[in-house]
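See below for the structure under consideration.
Please treat every number below as a calculation from the coordinates, not as lab data. It should be emphasised that the depicted structure is a prediction, and the values quoted were computed from it without experimental measurement. So basically every Cβ, Gly included, is an ideal-geometry build from the backbone, and we count neighbours across all protein chains shown.
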Amino acid sequence: MSLEKEIKQKINSPRHEALLNIVHTNNYLQKFSRLFFEDLGITEAQYNIMIIIKLENRKLTQVEISERMVSSRSNITSLIDKLQKKAYVRRLPMEGDRRVYQVELTSEGIKKLSEVEPLYVKTVEKIMGCFSVEESRRLSSLLVKIRENIKKRVK
């Protein structure tokens, strides 16, 4: 179904329609993501933090985690607090600088990731399975182009 039919609104510019399609699709993705992770007892941002630590395979400072986040970085302390309350991560004082803490996964966090990660990967493949590998690469390339264009205008 075309976006115009879906939102019951005439769109006069192909570029505006493309932008609205991105926004509208993002809304669906966010809703789907919220429900997916809610069923697993964590949020997308919490998963993002845990997978960052796992992939780095070392303790990371909050700043290092924040630099790698895909979603909003503004509430990194709160997100880590919540993960710590769930016993999925622990903070350890950094050697040589007691003001800085490093974050690592706990055995419970590793267990949770081993439950969530395969489901996440399988779900991503289902959602994006409507694209060929080449189409996925092209879409990624086009989205990078938009982000780079926006970065030039927003500092």
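In the structure shown, the pairs K82/K126; K8/K122; K59/K112; K82/K152 are assessed against 23 Å; a Cα-Cα span above that value is assigned to K82/K126; K8/K122; K82/K152.
Given contacts defined as C-alpha pairs under 8 Å and at least six residues apart, what's the relative contact order of the chain, whole-number percent? Relative contact order comes out at 15 percent. When only alpha carbons are used to place a centre, segment 16-69 and segment 91-136 end up 9 Å from one another. Placing unit charges on the Cβ atoms only, positive for Lys and Arg and negative for Asp and Glu, gives segment 84-148 a dipole magnitude near 280 debye about its Cα centre. The magnitude of the dipole of segment 42-153, with charges of +1 and -1 set on the Cβ of Lys/Arg and Asp/Glu and taken from the Cα centre, is near 320 debye.
Candidates I42, P93, N57 compared by Cα position along the dipole of the chain: farthest toward the positive end lies P93, with charges placed on Cβ.
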